[in-house]
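Asker: Okay, here's the structure, questions in a sec.
The values are calculated or read from the model by the stated rules, or taken from the named source; none is laboratory data. In this text the structure is predicted, and so the values were computed from the model without any measurement. We place every Cβ from the backbone using ideal geometry, glycine too, and count neighbours over all the protein chains shown. Surface accessibility is based on the protein's heavy atoms, side chains included, excluding ligands, DNA and RNA. Shrake-Rupley method; radii C 1.70, N 1.55, O 1.52, S 1.80 Å.
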Amino acid sequence: MKGFAMLKIGEVGWITKDVPKCGPLDAICKPLAIAICTSDVHTVWEGAVGDRHNMILGHEGCAEVVEVGELVKDFKPGDRVLVPAITPDWSSLEAQAGYSMHSGGMLAGWKFSNFKDGLDSEFFHVNDADGNLAHMPENINIVDACMLSDMVPTGFHGVELADVQFGDTVLVIGIGPVGLMSVAGASLRGASRIIAVGTRPKCVEAAKKYGATDFINYKNGSIEDQVMELTSGKGVDRVVIAGGNVDTFESAVKSVKPGGLIGNVNYLGSGDYISIPRTDWGVGMGHKQIRGGLMPGGRLRMEKLGALVSSGRLDVSPLATHIFEGWDHIPEALQLMKDKPADLIKPVVKLVKE
């Protein structure tokens with residue numbers, strides 16, 4: 001089979017590999033559409049998870065099942081499925097402890113294009129199929145289905161980590177596709193005010209649709225100073241970090257009230273340490289909590305998020321701004337995500353016609 005791979009740090013290309021083998025609990029799928037993620041950029045050009053050689057990229061997409069293992073109960077060849085970016089081993093001790101995304105070690109629930117070949121190939125392997133796949137609702141198209149792999153669950157997880165409550169004032173730093181879903185999630189959870197940090201007009205427009213009430217342009221001064229001006233010096237109840245770098249935590253700590261929560265779902269692709277401002281953190285006693293987490297995977301979560309989209313409660317269509325058809329466009333879509341032109345939110349490559 002052919003696949004689009006990371007050949008080494010800084011280099012990508014097409015390769016040929018054997019079709020993966022299906023274990024008794026597993027499934028082999030063929031992608032219907034795939035989306036490109038900023039994580040792919042971090043992985044390839046920054047070497048953020050270390051060097052990888054001839055590893056097929058991709059962890060966002062939807063698929064058709066072509067083979068299932070003998071112990072798989074709920075899926076069969078021909079089923080159209082949602083595929084989460086995180087596919088834990090559900091029998092692991094970490095999963096039993098409530099941290100399935102770290103099954104087998106830190107971040108080890110993230111398998112596609114990290115520990116094993118990803119979705120950008122003619123066929124790909126899914127471990128623990130009954131626990132990880134979800135049936136695709138009939139009224140969801142394959143482009144929208146791609147957003148349910150990573151963008152929606154990761155953005156929503158930032159809101160969960162920050163524990164947004166009714167009436168909260170929430171700061172969302174970064175309004176790329178993940179941050180936009182954090183805005184949407186905070187709105188669904190009842191935030192009364194959502195302050196979004198971002199500059200690209202296309203993203204600002206989408207953030208307004210998802211519920212952002214105020215906007216900060218980080219090019220016009222520090223985030224924290226603008227937050228304090230908007231909140232009359234009070235700060236915010238919750239912060240979701242969905243973009244930025246290791247220095248962004250300083251602004252988050254300075255912006256949140258004592259007793260507030262900071263939820264980070266940003267993939268920190270570079271930098272060795274994160275700086276926490278001592279006095280603004282209450283010299284260590286300000287009850288300003290920082291929670292960072294990898295999105296949960298699993299069938300139940302996929303089914304619930306899929307229900308939000310299929311019921312009309314969540315419209316993910318604004319996220320896919322660049323839609324291509326055919327395998328040959330995967331390199332172009334990846335380059336778009338690396339360059340991030342002003343009109344880009346998310347590129348998707350359709351591999352079948354609907």
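Asker: Just list whichever of Lys21/Lys350; Lys8/Lys350; Lys76/Lys111; Lys111/Lys209 have alpha carbons separated by over 31 Å in the model shown. Don't skip to the answer; put the middle values down first.
Answerer: Numbers: Lys21/Lys350 25 Å; Lys8/Lys350 26 Å; Lys76/Lys111 22 Å; Lys111/Lys209 33 Å.
Flagged as over cut-off: Lys111/Lys209.
Asker: May I pose another question? Could you please state, rounded to a whole Å, how far the C-alpha centre of segment 270-330 is from the C-alpha centre of segment 219-244?
Answerer: Cα centroid to Cα centroid, the span is 19 Å.
Asker: One-quarter of the Cα convex hull surface for segment 212-354, in nm²? Show your work: numbers first, answer last.
Answerer: Numbers: hull surface 47.6 nm².
Mean projected area for segment 212-354: 11.9 nm², to one decimal.
Asker: Amide H of Arg291 versus every other amide H placed in the peptide plane: which residues, excluding those fewer than 5 positions away on the same chain, fall under 5 Å?
Answerer: Ile262, Gly263, Asn264
Asker: Got a sec to turn the phi values of segment 20-33 into Karplus ³J(HN,Hα) couplings, 6.51 cos²θ - 1.76 cosθ + 1.60 with θ = phi - 60°, whole Hz, x for Gly and Pro?
Answerer: Calculated HN-Hα couplings, in order: x, 8, 9, x, x, 9, 10, 9, 10, 10, 10, x, 9, 7 Hz.
Asker: Let me ask something else. Could you order Leu300, Leu268, Leu294 so the one with the most accessible surface comes first? Probe is 1.4 Å.
Answerer: On the way: Leu300 110, Leu268 55, Leu294 35 Å².
Result, largest first: Leu300, Leu268, Leu294.
Asker: Here is a follow-up. Take every DSSP beta bridge with both residues inside the chain and express the antiparallel ones as a percent of the total, to the nearest 5. Intermediate values should be presented prior to the final figure.
Answerer: Details: 28 of 55 bridges.
Antiparallel bridges make up about 50 percent of those DSSP assigns within the chain.
Asker: At 7 Å along the Cα-to-beta-carbon direction for both Glu205 and Ile9, put a label point, then send me their distance in nm to one decimal.
Answerer: Each label point is offset 7 Å from its Cα along the Cβ direction, giving 3.8 nm.
Asker: In whole Hz, with x marking every Gly and Pro, tabulate ³J(HN,Hα) for segment 82-90 from phi via Karplus 6.51 cos²θ - 1.76 cosθ + 1.60, θ = phi - 60°.
Answerer: Working through the residues one at a time gives 7, 10, x, 5, 10, 10, x, 8, 6 Hz.
Asker: Tell me the carbon and sulfur percent of the accessible area for the chain, rounded to whole percent, probe radius 1.4 Å. The partial results should precede the final answer.
Answerer: On the way: 7420 of 14790 Å².
The C+S portion of the solvent-accessible surface of the chain is 50 percent.
Asker: Oh, and also: Solvent-accessible area of Thr231, probe 1.4 Å, all protein chains present, reported in Å² to the nearest ten, please.
Answerer: 10
Asker: Further question: What ranking of Tyr267, Tyr210, Tyr218 comes out by heavy-atom accessible area, probe 1.4 Å, highest first? Spell out each step's value before the answer.
Answerer: Numbers: Tyr267 50, Tyr210 25, Tyr218 120 Å².
Of Tyr267, Tyr210, Tyr218, the descending order of accessible area is Tyr218, Tyr267, Tyr210.
Asker: In segment 247-275, whose amide N lies under 11 Å from the spot 7 Å out along Cα-to-Cβ of Asp163? List them in ranges.
Answerer: Label zone hits: 259-262.
Asker: Taking the chain as a Gaussian network, where each spring joins two C-alpha atoms under 10 Å apart, which residue of Pro24, Pro318, Pro258 fluctuates the most?
Answerer: Pro24
Asker: Using a 1.4 Å probe, how large is the accessible area of Leu71, given in Å² and rounded to the nearest 10?
Answerer: So the heavy atoms of Leu71 present about 100 Å² to solvent.
Asker: Also, quick follow-up: Short version: what are the Cα gyration tensor semi-axes of segment 51-128, square root of 5 times each eigenvalue, largest first, in whole Å? Before the final figure, lay out each step's value.
Answerer: Working: eigenvalues 87, 68, 18 Å².
Its equivalent ellipsoid spans semi-axes of 21, 18, 10 Å.
Asker: To the nearest 0.05, how large is the calculated FRET efficiency for Leu300 and Glu122 if R₀ is 25 Å and r is the Cβ-Cβ distance? Write down the numbers at each step before the final one.
Answerer: Working: r = 29 Å, r/R0 = 1.16.
About 0.30, to the nearest 0.05.
Asker: While we're here: I'd like to check one number: the per residue accessible area of segment 208-354, probe 1.4 Å, reported in Å² as a whole number.
Answerer: On the way: 7430 Å² over 147 residues.
Ligands and nucleic acids excluded, the result is 51 Å² per residue.
Asker: Once both labels are modelled 7 Å past Cα along the beta-carbon direction, what's the Ser311-Lys2 spacing in nm?
Answerer: 4.2
Asker: What residue among Ile34, Ile56, Ile276 shows peak mean-square fluctuation when the chain is described by a Gaussian network model with Cα springs under 10 Å?
Answerer: Evaluated over the chain, the most mobile residue of the options is Ile276.
Asker: What's the extension gain from Asn139 to Lys17 if we count 0.36 nm per residue and subtract their Cα-Cα distance? Let's see the in-between values first.
Answerer: Working: separation 122, 0.36 × 122 = 43.92 nm, distance 3.41 nm.
So the chain would gain 40.5 nm between Asn139 and Lys17.
Asker: If I model a spin label as a point 7 Å beyond the Cα along the Cα-Cβ vector, how far apart are those points for Ser232 and Asn54 in nm?
Answerer: Result: 6.5 nm between the two label points.
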